[in-house]
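Presented below is the structure to which this report refers.
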Amino acid sequence: MEYPIGVVRYSKDIDEVFKSASVIKLPIFLYGFHHAKDIDELVEVLPEDIVDGSGVLQTLVTQSRWFSVRDLQALMVVVSDNTATNLLIERYGIKRLNRYFQHIGMTKSVLGRGMRDQLAISEGRDNFVCGRDMVACLRKIASSYAFHDMLNILEKQQFKDKVPAGAKNEQIVFFNKSGELKGIEHDVGFFVYKGQIGLYCGLTEGSNHLGKALLQEFGHKFNEL
């Protein structure tokens, strides 16, 4: 559904489904660290693997280069690298990832395509999440034996212009993953305050400008802690 500029949809209904944008990368990240056994294996990245959009591999890979799976996971999260994400999706398999999503309680989430796959989009295949599912993912991350490894990567997240930008309390540390497309602004993750860890999820659809403003306003709530 198209929404006119100046209108933003948000929901307190955590079962409402949204196009995922890059927050779909978070359960892929979880799968790689918690479930897969290949985190230190090397992957050859070729120029023909490169896709546009966010990331740095499109600049780094002008000829064949090798990266560890851990490197690709970090690139997928820290700079939201689309090429790294696609290589991991190819490695793990869309069907296997979707089964894993179901297994951890992400019952409404769907990985329908890789990043920047315009053919899939034209065929109606897309990626979807809801608030309840993202909370399930965050809880699974928090209970994983690899939690601290994942948290160390999330802490280096380069995109903190939404919920973290609205929180002015310098004692709060955020570990987040954001996502955006035309008409989509999302931000989910963890925060630590006075030794306690919490999680949050903000999903919006409509005007990007107002969606980002809404998420920053959400961040203001953390100033009341």
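The values are calculated or read from the model by the stated rules, or taken from the named source; none is laboratory data. Every value quoted in this text rests on a predicted model; they were computed, and no experiment measured them. Positions of Cβ are generated from backbone atoms using ideal geometry, with glycine treated the same way; all protein chains shown enter the neighbour counts. Just so you know, the surface numbers come from the protein's heavy atoms only, side chains and all, with ligands and any DNA or RNA stripped out. Shrake-Rupley method; radii C 1.70, N 1.55, O 1.52, S 1.80 Å.
Report yes if Asp126 is of a type in the set (Asp, Glu) and assigned to a loop (DSSP other than H, G, I, E, B), otherwise no. Before you say what the answer is, go through the steps one by one.
Details: of a type in the set (Asp, Glu): yes; assigned to a loop (DSSP other than H, G, I, E, B): yes.
Against the criterion (of a type in the set (Asp, Glu) and assigned to a loop (DSSP other than H, G, I, E, B)), Asp126 qualifies.
So which residues in segment 120-142 are without any contact (Cβ under 8 Å) to a residue 24 or more places away in the chain, small (Gly, Ala, Ser) and open to solvent by 10 Å² or more (accessible area, probe 1.4 Å)?
If the condition is that a residue be without any contact (Cβ under 8 Å) to a residue 24 or more places away in the chain, small (Gly, Ala, Ser) and open to solvent by 10 Å² or more (accessible area, probe 1.4 Å), then Ser122, Gly124 are the ones that fit.
If I go through segment 16-63 residue by residue, how many of them are open to solvent by 50 Å² or more (accessible area, probe 1.4 Å) and part of a strand (DSSP E or B)?
4
State the number of residues belonging to segment 143-168 that are under 17 Å from Cys201 (Cβ atoms), open to solvent by 20 Å² or more (accessible area, probe 1.4 Å) and basic (Lys, Arg).
Residues in segment 143-168 being under 17 Å from Cys201 (Cβ atoms), open to solvent by 20 Å² or more (accessible area, probe 1.4 Å) and basic (Lys, Arg): 1 in total.
When segment 169-203 is examined, which residues are found to be closer than 20 Å to Asp13 by Cα and in a loop (DSSP other than H, G, I, E, B)?
Residue satisfying the conditions is Gly183 alone.
Looking at (1) open to solvent by 50 Å² or more (accessible area, probe 1.4 Å); (2) out of contact with any Asp or Glu (no Cβ under 7 Å at 6 or more places or on another chain); (3) modelled with pLDDT of 95 or more, find the lone condition where Arg70 falls short.
Only one criterion in (1) open to solvent by 50 Å² or more (accessible area, probe 1.4 Å); (2) out of contact with any Asp or Glu (no Cβ under 7 Å at 6 or more places or on another chain); (3) modelled with pLDDT of 95 or more is unmet by Arg70, namely (2).
Could you please give the count of residues in segment 34-50 that are under 18 Å from the mean Cα position of the chain (by Cα) and modelled with pLDDT of 95 or more?
0
Give me a count of the residues in segment 80-101 that are open to solvent by less than 10 Å² (accessible area, probe 1.4 Å), assigned to a helix (DSSP H, G or I) and touching a strand residue (DSSP E or B) at 6+ places or on another chain (Cβ under 9 Å).
Here the count works out to 4.
Filter segment 166-195 for residues that are over 18 Å from Val77 (Cα atoms) and among the small types (Gly, Ala, Ser) and give the result.
Result: Gly166, Ala167, Gly183, Gly195.
Only one of (1) surrounded by 14 or more Cβ atoms within 10 Å (Cβ to Cβ); (2) at pLDDT 95 or above fails for Tyr193. Which number is that?
Evaluating Tyr193 over (1) surrounded by 14 or more Cβ atoms within 10 Å (Cβ to Cβ); (2) at pLDDT 95 or above leaves (2) as the failure.
What are the residue pairs meeting all of these: first residue in segment 29-56, first residue on the phi < 0 side of the Ramachandran plot, second residue of a type in the set (Phe, Trp, Tyr) and surrounded by fewer than 17 Cβ atoms within 10 Å (Cβ to Cβ), Cβ atoms under 6 Å, and 6 or more apart or on different chains?
Once the first residue is on the phi < 0 side of the Ramachandran plot and sits in segment 29-56, its partners that are of a type in the set (Phe, Trp, Tyr) and surrounded by fewer than 17 Cβ atoms within 10 Å (Cβ to Cβ) give Leu42/Trp66; Glu44/Trp66.
Residue-by-condition table, conditions (1) more than 25 Å from Met150 (Cα to Cα); (2) touching a residue at least 24 places away in the same chain (Cβ under 8 Å); (3) in contact with a Lys or Arg (Cβ under 6 Å, 6 or more places away or on another chain); (4) of a type in the set (Phe, Trp, Tyr):
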{"position": "Lys168", "(1), (2), (3), (4)": "no, yes, no, no"}
{"position": "Gln171", "(1), (2), (3), (4)": "no, no, no, no"}
{"position": "Lys182", "(1), (2), (3), (4)": "yes, yes, no, no"}
{"position": "Leu199", "(1), (2), (3), (4)": "no, yes, no, no"}
{"position": "Gly206", "(1), (2), (3), (4)": "yes, yes, yes, no"}
{"position": "Glu224", "(1), (2), (3), (4)": "yes, no, no, no"}
